[in-house]
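Heads up: the structure comes next, in structure tokens.
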Amino acid sequence: MIRETLDSHMTPGCLDTVNIPVMSKEEENEESATFCKEKLQSDSFNSETGVKEEEIECILKGPPDKSMSFTTRIQSDSIYKEKAILSLCLCWAFVTLGWASGQFGPAFLDLQIITRTNVKKASGFLTSRAVGYLAGGILTGLLFDRISKLLIVALFQFAGVVISAVLPWCFWFEMMIAVQFWAGCYCGGIGASGNALLMYIWGREGRSYVQALHFAFAIGGITSPLVTSPFLQETHEDTNDIGITVTGNVSSDIYSDCSSNMSQRTHNTCINSNTFSNETTASGYDIGDSRLYVAYCVTAAMHISCVVPLFILYVRAKRQKNTSTQKITQDIQRISREITFGFKILVLLSLSFFVAIYCAMEDTFTAYLTAFCVTQLTWSKVQGSYVTSLYWAVFGFARFLGIWVIQFISPTTIICGLTIFLCVGLGALSVSASLMVNEGIWVCTVCTGASMSLIYPCVIIWTEEKLLPVSGKIVALFMIAASSGTMTNPIILGYLMETFTPMWFTYLLFGESVVLMILFLVLLLIARVSETKFGTGNSHDSVTVNIGLTSKEHV
């Protein structure tokens, strides 16, 4: 057939010079064009229904120039087009991931009402999610190099559909804990497989694409609280100067401060719900108390919209693999520094501690921000949702800018600057909350969102360029570290907020930001020692990777 004949003579552009003497560019193109013309005149394509003539346009060109624009490369480079389509699907998967993650914070108080738990007990939801996050990362690390990478992403997305559909109907605490575990497993699996697959297909060229992937995550986090807030149970306000007793299926000791200070304030907000019954086990809440299930149905629909194209791509790739053996060799630059085993352990441990602290801070801030504003500042839950949305808006906009900023500023400079800015912002948040300055809360939320926006993707890029190649196992290690941080933080913070004061939300985060800054200075020292002892961070070998357009190596 024509394809089989041409495959042995084609270059990445059109025609190859395999086993042909060295000749000039003009002679090569002239000979290739003559051969292609003769083949087109003599061969035909036999289909199952009959004989059809197939017209093939041979374009004489060399390997695509990486400096070309995105649209030009899409049109001229088939490999680049395949990778771009796959990257778009991954970005949409991260939109749904951000959507699911951003929804948890505003829904947290309603989840307490559904399961009739207090803050300390409901903090187990976050711990359960963190354990699931850990399991999802480990599972991805084990499967990433063994089965189709695209299939892994598709299966995790399908799990997200089921989880979103059943979560708002989990009235029993134990059931909610179990579903939150699987929700965390979904988040960890998508996060690990998405990042690893993107670095696998782009290599060092993936700076902007990694930022785009995490910008997509932020887009989901921005819109999700806005969609969720209309379906939350309303708060009830009382403007009288009379003390009010809070009754409901949320433990009253959570709001003991609110109750005791009610007679001293002219305008206070408390969460009001059904009166306690004699039942020892809650079986749910009355119809009309909460419409959280509507918000989670929207989330399930988002997951479905991602699952369908992913499975279509997988089925198409598998079908093409069975009918075609076309492979194209592509050079991908990856770091190839040889380091000792002991030093590698030091690098991995330091990175793990940094990622653990950062992810614990990010997850805790978004999950507890609404609850903190309601309990400490007596805001309504809708106001809390809005400030959470503001965080995600700034977070997403900064990540959008990061797609271009990363091309001009080194990841080292970005991480260093943002960790310092984060420390200052959280310190100011603590002062503003202590003085009950609401405007300061909004400003500090903006600062925190901008500071946290680029740290994690830049750590991935910085690791790839300065320390180690970011493989599936490395990303899985990041997931394990992240889940470790998010498992411990809710337990500590839930205890401190309920035993002492909700202000510990700001105290704990500020302390962790200082530790984060110190850890990055340690990482900078390790990178400097690594460059001095084992070679510079820019010493890369040209790694030739056989990328099958439809093989499971690629997808």
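Observations
- For segment 170-193, a residue qualifies if it is crowded, with 24+ Cβ neighbours inside 10 Å and within 17 Å of residue 480 (Cβ to Cβ), and the qualifying residues are 184, 185, 186, 187, 188, 189, 190, 191, 192, 193.
- Taken together, the residues in segment 398-428 that are of a type outside the set (Gly, Ala, Ser), in contact (Cβ under 8 Å) with a residue 40 or more places away in the chain and within 23 Å of residue 224 (Cα to Cα) amount to 3.
- Residue match in segment 83-92 (condition: among the charged types (D, E, K, R), modelled with pLDDT under 85, assigned to a helix (DSSP H, G or I) and more than 24 Å from residue 365 (Cα to Cα)): yes
- Answer from 429, 369, 418 - the residue that is farther than 21 Å from residue 501 by Cβ and either in the same structural domain as residue 188 (by the TED database) or modelled with pLDDT of 90 or more (or both): 418
- For segment 159-209, residues that are free of Cβ contacts under 8 Å to residues at least 40 places away in the same chain and either acidic (Asp, Glu) or closer than 16 Å to residue 142 by Cα (or both) total 1.
- Out of 121, 149, sole residue that is assigned by the TED database to the domain that holds residue 227, buried (at least 24 other Cβ atoms within 10 Å of the Cβ) and among the basic types (Lys, Arg): 149
- Being touching a helix residue (DSSP H, G or I) at 6+ places or on another chain (Cβ under 6 Å), closer than 19 Å to residue 353 by Cα and not assigned by the TED database to the domain that holds residue 131 is true of residue 455.
- Screening 167, 197 for residues that are part of a helix (DSSP H, G or I) and either modelled with pLDDT under 85 or of a type in the set (Phe, Trp, Tyr) (or both) leaves exactly one candidate, 197.
- Any hit, segment 363-373, residues being of a type in the set (Asp, Glu), buried (at least 24 other Cβ atoms within 10 Å of the Cβ) and part of a helix (DSSP H, G or I): yes
- Matching entry among 228, 266, 275 (being outside any loop (DSSP other than H, G, I, E, B), of a type in the set (S, T, N, Q) and either at pLDDT 85 or above or not assigned by the TED database to the domain that holds residue 99 (or both)): 228
The values are calculated or read from the model by the stated rules, or taken from the named source; none is laboratory data. All values derive from a computational prediction rather than experimental measurement. So basically every Cβ, Gly included, is an ideal-geometry build from the backbone, and we count neighbours across all protein chains shown.
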